[in-house]
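Taking it in order: structure first as structure tokens, then the write-up.
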Amino acid sequence: MYSTRVPKALPSLLPEFVWEGTGTPLHLTFDDGPHPEWTPFVLDELARTGQKGTFFCVGENIERHPEVFDRIRREGHAWGNHTMRHESGWTTPNRAYLRSYLECEKLTGSGLFRPPYGRIASTQAKAIARRSRIVMWTVLTGDFDPRRSPEECQLATERALRPGAIVVLHDSTKAGPRLKELLPGILNVFAEKGWASAPLAMERPHSPEDSDSHMVRSKSGS
């Protein structure tokens, strides 16, 4: 089960993660691409409305669709690391998870990371935070959930939106049937309220001494 809006207590319990922006713009973010159909759809919709997004990309999908990843960068959006193979940090051994992060980081190099499913162990987070900002979210649209209609996703999302919110959508096959109606609906709300979506700032809090091999070796754990 999940909540469209992050429970108020959660960000205070995990303050090392980024849960929302600091200014008035909202941040539309898209997980799991690049996808040959749905990422171009998202990019077309953002271009149509003059908005910008942040794309948390799976490394294997970047390798499969480099031309789509190039378009994300070319059109002025931000991008981030979503691991190489979309692993859950709760079920993946630390060494394998950190290697997956590093493989994807070599492709993205943005200093932004979002753990797939929002699941990451504390030891993994501690290691990755030395190199990347770990970005969570304020609003989870539910577009990935086949049990929900686009209208249900839209209504719940509209109620949860506020300036500064980080909003999660998915440019993926699974989410596509809801995304194709949900994203235009959200962008219409932005237009009505005069809101803007801004790309997240790409930064690299990288410690020079924290080499790739040292990171995996010293933080391997399980």
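In what sequence, highest mean first, do 145-152, 115-122, 94-101 appear when ranked by Cβ atoms within 10 angstrom?
94-101, 115-122, 145-152
Full extension of the chain segment joining Ala129 with Lys180 gains 15.0 nm, where the gain is 0.36 nm per residue of separation less the Cα-Cα distance.
A protection proxy built from the mean count of other Cβ atoms within 10 Å ranks the segments 104-111, 26-33, most packed first, as 26-33, 104-111. Overall form of the stretch 96-165: prolate. Here a/c, set by the Cα gyration tensor axes a ≥ b ≥ c, is 1.5 or more, and a/b is the larger of a/b and b/c.
Couplings 3J(HN,Hα) for the stretch 6-11, derived from phi with the Karplus relation 6.51 cos²θ - 1.76 cosθ + 1.60 (θ = phi - 60°), are 4, x, 4, 6, 5, x Hz, where x marks Gly and Pro. Mean projected area of the convex hull spanned by the Cα atoms of the chain, taken over all viewing directions: 11.5 nm².
No lab work stands behind these numbers, since they all come straight from the coordinates. Predicted, not measured: the structure shown is a model, and the values here were computed from it. Glycine also receives a Cβ, built like all others from the backbone with ideal geometry; neighbour counts cover every protein chain displayed.
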